[in-house]
Amino acid sequence: MSESCSICLKKGWGWFKAEFSCTNLNFNKDITADVGTVHGQDVYTLNWRKNFGYDPGRCIKSFPVFFGIRVVCFLIIFGLWIGSMVINWLQGRWWIYLTHWGLFVEVIYWTLAVITTYMSKQENSNPNSPETEGETEQEDLPLYAKAMWLAWDIILPGSFIILALYWFAVFEPGNTVNAMGVFVHGINFLIMAFDSILSSTPYLLLHGLYLFIFGLVFVIWSYIFYASGLKDSNGNRYIYPVLDWSNPGSAAAFSAIALFFVVPLVVLIFWISVNLVNQTCNAAVPYKEDSEVEKCDDVESNTVHEKNSSSTPISKKEQESTSAQPHQKEIESPSENNRGKETEPRPAEDEPNPKEIASSNDDDVNVVVQ
């Protein structure tokens, strides 16, 4: 038990170290990761069609079903976005709240997810695409896939933080719970979590920096809101009571805890969760276009080819003698019909017959007597 735990800890530490690479801070096709292979930390190439679009190796094998699910999710989130603005427009103050910022980012994500999924199938159907031609080099991520990845990095953990902050720091017990509040502070996160199981979108640890920046921008905005004298629909100079900058000590303390403790902790939790899901759902190495099995097969085939090419060629005489041996065996072996039968020995052609020798001797004697 202790040995298996130590192996898991070593593998987890390898994953953790591999994430801290400048390569993982951008949105290119090459990322640095350690997924427990024999090579350990290595640079892996993303296949944007599978990682951000349709991946037949995941739970949903049918493209129309997968694409249909993403379209339905987009329609749900888009409907929540429109419904929330209609119900809680609050004389144009709808945009001041973190919940609505997150909902807007989620609409952007699902719009790009539908576009990327559709384009990934179109690229797979293109006969001139590198994957169709059998080339190992993958294309760079298109702009819409990069934007989708950025929105994913923000809203997957961000929707959970918004959910937790609303129900534990903003919502007051005894207040009326309405359906829209539950949808924008719970259902939207469940939809994102569901998508993380169905898709192969990678979540990198350093990409948590973008969620930190998103939260920092909102904290700065909350202070600007207070300092500029703006008010909410109830006449308050704060957006949320926990960010009331008239009491700067408590507002700053809450902001520091949220940014430097809650955000990193949630990012770490989702990084572990998404990687475990990718490890479980993908039998092959995640993020890797060419699996280790395919590499081993290539090495083995190359080795066999080298052995065959380095062996000495057989001469023409050896080939003729080898091909003539079966025919000789067939001639030498008696047929099944003649087996068991005795054959009289044939005298050699040069050997004289005894009777002829005797008659010739008699003639010679007669000649001498006469």
Share of pairwise Cα separations in segment 45-102, more than 14 Å, in percent: 67 percent
statement: Counting only protein heavy atoms and leaving out ligands, DNA and RNA, the solvent-accessible surface of residue 75 at a 1.4 Å probe, in Å² to the nearest 10, equals 100 Å²
message: Run the paramagnetic zone check for residue 144: 7 angstrom along Cα to Cβ, then residues of segment 86-119 with backbone nitrogen under 16 Å.
response: 107-119
task: Please give the solvent-accessible surface of residue 180 in Å², to the nearest 10, using a probe radius of 1.4 Å with every protein chain present.
output: 30 Å²
message: Keeping every protein chain present and rolling a 1.4 Å probe, give me the accessible area per residue for segment 177-270 in Å².
response: 46 Å²
message: Not counting ligands, DNA or RNA, and with a 1.4 Å probe, what is residue 116's accessible surface area in Å² rounded to the nearest 10?
response: 0 Å²
- prompt: From the phi of every residue in segment 93-109, what ³J(HN,Hα) in whole Hz does the Karplus formula 6.51 cos²θ - 1.76 cosθ + 1.60 yield, where θ is phi - 60° and glycine or proline is x?
  reply: 8, 4, 6, 7, 8, 5, 4, 6, 4, x, 5, 5, 4, 5, 5, 4, 4
field: Sequence of 17, 61, 50, 10 from largest to smallest accessible area, 1.4 Å probe
entry: 10, 61, 17, 50
query: Considering the zone a paramagnetic label at residue 175 would reach in this model (a point 7 Å from Cα along the Cα-to-Cβ line), which residues of segment 240-259 have amide N under 16 Å from it?
result: 240-244
message: Run the simple label-point estimate for residue 69 and residue 93 please: 7 Å along Cα→C-beta, distance reported in nm.
response: 4.1 nm
message: Taking loop as defined by DSSP and a crowding limit of 15 other beta carbons within 10 Å, which chymotrypsin sites (Phe, Trp or Tyr not before Pro) in segment 164-225 fit?
response: 171
query: If you bin every alpha carbon distance in segment 149-219 into 5 Å steps from zero, what whole percent lands in each bin?
result: 3, 15, 22, 22, 18, 11, 5, 2, 0
field: Sequence-distant residues sharing a close amide H with residue 30 (under 5 Å, placed H)
entry: 46
task: Please give the FRET efficiency for residue 86 paired with residue 269, using the beta carbon to beta carbon distance and R0 = 30 Å, rounded to the nearest 0.05.
output: 0.30
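The values are calculated or read from the model by the stated rules, or taken from the named source; none is laboratory data. Because the structure is a prediction, the values reported are computed rather than measured. Neighbour counts run over all protein chains shown; Cβ positions are idealised from the backbone, glycine included. With ligands, DNA and RNA removed, areas are computed over all heavy atoms of the protein, side chains included. Shrake-Rupley method; radii C 1.70, N 1.55, O 1.52, S 1.80 Å.
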